[in-house]
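One structure is given below, encoded as structure tokens.
The values are calculated or read from the model by the stated rules, or taken from the named source; none is laboratory data. Everything quoted here is computed from the prediction, not taken from an experiment. Glycine also receives a Cβ, built like all others from the backbone with ideal geometry; neighbour counts cover every protein chain displayed.
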Amino acid sequence: MEKWSPECIAENLRRIEYAIGEACAKAGRRREEVTLVGVTKTVEPERVNAAIAAGLTHIGENYVQELLAKKPQLHLDGVSLELIGHLQTNKVKTVLSQVDRIQSVDSLRLAAAVSKAAQNSGTTARVLVEVNIGEEQSKTGLPREQLTELLYAMSEMPAVSVEGLMCIPPFYEKIDERRKVFSEMYQLFLDIKGKKMDNIDMNVLSMGMSADFAEAILEGSTMIRVGTALFGARDYSK
Ligand SMILES: *Cc1c(COP(=O)(O)O)cnc(C)c1O
């Protein structure tokens with residue numbers, strides 16, 4: 001196993017905090033406008049807990065199975081647990097009561113399943129809609145031309161509260177190309193916000209990862225999802 005220590009994770013968190021502060025200052029934004037989500041896929045509960053002890057307040061998991069297995073060991077008091085990975089309709093019922101927010105709603109079918117499950121359990125599901133902003137075939141997320149239509153449908157769903165948008169843009173080598181995609185996403189976010197749909201809030205724009213969160217903040221991100229920079233390279237061998 002790769003060596004780690006709580007001090008090392010705390011130091012990584014401090015470094016990320018510093019970079020967030022710098023990006024906010026450069027963008028003329030307040031630090032409180034940006035939420036840091038620590039991405040914990042493949043990361044053991046002990047390491048996740050070390051990050052929480054060091055001040056991390058939001059956790060993002062990709063896989064329902066892994067999330068359920070790790071959750072009992074996590075110190076989640078006051079911490080928001082979020083699903084950021086692709087969600088299959090048949091897993092909705094299982095995961096809904098286990099997370100604080102689902103960031104990856106990307107189809108009408110999935111949205112309807114989430115609404116139904118929430119309604120059956122007497123809750124309201126907090127969700128983001130994931131947009132395939134790079135229009136990549138291989139990626140999850142809704143094509144942007146379908147976004148308005150999905151949101152209008154979701155605005156009629158009684159047990160879903162749409163809080164914003166999420167995206168995983170294509171990986172471009174050039175940072176300027178990444179910024180351009182982030183800026184397109186921000187524009188889309190503003191356009192939707194301007195439509196003032198019932199039951200649809202546009203308060204959260206979840207974009208930016210370890211390699212590009214500073215650029216995402218410069219382009220209007222309100223939520224960055226950071227794994228590698230916090231926990232080190234992922235070990236998929238286990
Ligand atoms: C893995 C993952 C991240 C974090 O990526 P890093 O490059 O390790 O920071 C963010 N968002 C999603 C949806 C992910 O799957």
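Would you point out which residue out of Lys139, Lys195 is out of contact with any helix residue (DSSP H, G or I) (no Cβ under 7 Å at 6 or more places or on another chain), surrounded by fewer than 22 Cβ atoms within 10 Å (Cβ to Cβ) and farther than 21 Å from Ile84 by Cβ? Lys195 is the lone residue from the list that is out of contact with any helix residue (DSSP H, G or I) (no Cβ under 7 Å at 6 or more places or on another chain), surrounded by fewer than 22 Cβ atoms within 10 Å (Cβ to Cβ) and farther than 21 Å from Ile84 by Cβ.
Please go through the stretch 79-90 and give me each residue that is within 13 Å of the ligand (Cβ to nearest atom) and either among the acidic types (Asp, Glu) or exposed (fewer than 14 other Cβ atoms within 10 Å of the Cβ) (or both), ordered by number. Break it down stepwise before answering.
Restricting attention to the stretch 79-90, the residues satisfying the condition of being within 13 Å of the ligand (Cβ to nearest atom) are 82-87.
Of everything in the stretch 79-90, just one residue is within 13 Å of the ligand (Cβ to nearest atom) and either among the acidic types (Asp, Glu) or exposed (fewer than 14 other Cβ atoms within 10 Å of the Cβ) (or both), namely Glu82.
Here Gln103 meets each of (1) away from the ligand (no atom under 16 Å from the Cβ); (2) buried (at least 18 other Cβ atoms within 10 Å of the Cβ); (3) polar (S, T, N, Q) with one exception, condition (1). Taking the stretch 133-238 and the helices (runs of 4 or more DSSP H) fully enclosed by it, the elements with 2 or more residues that are closer than 27 Å to Glu17 by Cβ are at 175-195, 213-218, 228-231.
Considering each of Leu68, Leu76, Leu56 in turn, give the residue that is at pLDDT 95 or above and either surrounded by 16 or more Cβ atoms within 10 Å (Cβ to Cβ) or among the hydroxyl-bearing types (Ser, Thr, Tyr) (or both). Don't jump to the end; show me each part of the working.
Numbers: Leu68 fails: either surrounded by 16 or more Cβ atoms within 10 Å (Cβ to Cβ) or among the hydroxyl-bearing types (Ser, Thr, Tyr) (or both); Leu76 fails: either surrounded by 16 or more Cβ atoms within 10 Å (Cβ to Cβ) or among the hydroxyl-bearing types (Ser, Thr, Tyr) (or both).
Matching residue, one of Leu68, Leu76, Leu56: Leu56.
The condition (being modelled with pLDDT under 95, at negative phi and of a type in the set (Asp, Glu)) is satisfied by just one residue among Glu17, Glu2: Glu2.
Here's the yes/no breakdown for (1) farther than 22 Å from Ala214 by Cβ; (2) within 16 Å of the ligand (Cβ to nearest atom):
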site: Asn12; (1), (2): no, yes
site: Val34; (1), (2): no, yes
site: Thr40; (1), (2): no, yes
site: Asn49; (1), (2): yes, no
site: Gly55; (1), (2): no, no
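Looking across the stretch 216-238, the residues that are within 14 Å of the ligand (Cβ to nearest atom) and surrounded by fewer than 21 Cβ atoms within 10 Å (Cβ to Cβ) come down to Thr228, Ala229, Gly232, Ala233, Arg234, Asp235, Tyr236.
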